[in-house]
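Any read-out appearing in this document is the output of simple, stated calculations on the displayed coordinates, not a laboratory observation. Predicted, not measured: the structure shown is a model, and the values here were computed from it.
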């Protein structure tokens, strides 16, 4: 049993516990910090181990639940040499999107892999910086740093999004991703993420600090949706939708980012109501 996979499962268990505590107490900074740290662990693996090995590890996370109780399903597939997962001969079937994911970067052109590295690197930087921006708003002594980090973050987001869109434009022939539906879905995801960021930038250029903060919170929600909700939804939906090839991956592509925005908006309004109540005289 791969030790790395078990460590990821243990981390997800700890993270779930932190989330329940946060929902009870109303403080989510530990959940956010844990999520950022785990994101970095997964993403740095691409540069340390190479894309094919990192993808095999990623696919291995999903193998357990996707194979639970079945011996093959329409959404499962095999791969040559069983190299697309770190489980060795334990699992012969893997999520079909995972088989395609591995093949595209293990046997694809170097330019495709470089686009993946660019997308991962730039978006990882954005994921870290956006939390620093949220923790240190742009007023007072933080104004100059906030502005500088904002410009760096938006530049990295632009480059990371462009890499993602070029990769998505190549998905048409990949039936296990959902073909053209996955291409349009990733474009929609990118619009959710980048659109919120652009609205935030335009607001601050008008001098509207309140509107800027609202849109940047939505942007953070979209980023969390595109990264973490996407992966968690796929983890849960894979076993449920394994009788329909590409159904789980398409659902995650289309709905993860907007769901992230909705959750961020709910949290923003919840904090706003709490602050209003605390500001009222007893």
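Hull volume per residue, based on the alpha-carbon atoms of region 167-232 and their convex hull, is 72 Å³. What the Cα atoms of the chain give is an Rg and a Dmax of 19.8, 69 Å.
Could you compute Rg(Cα) / (2.2 N^0.38 Å) for region 116-180, with N its residue count?
On the way: Rg = 15.8 Å, N = 65, 2.2 N^0.38 = 10.7 Å.
Output field value: 1.47.
Taking the Cα atoms of region 1-62, the ratio Rg/Rh between the radius of gyration and the Kirkwood radius comes to 1.06. Its relative contact order, with pairs defined as Cα atoms under 8 Å and 6+ residues apart, puts the chain at 16 percent. As a size descriptor, the averaged projected area of the C-alpha convex hull of region 172-282 was calculated at 8.8 nm². With only Cα atoms counted, region 1-156 has Rg and Dmax values of 19.0, 61 Å. Under conditions of 25 °C and 0.890 mPa s, region 63-148 yields 151 µm² s⁻¹ as its translational diffusion coefficient, taking Rh as the Kirkwood radius over Cα pairs in the Stokes-Einstein equation. Taking the Cα centre of each part, how many Å lie between region 226-270 and region 92-143? First find each Cα centre; the distance between them is then 17 Å.
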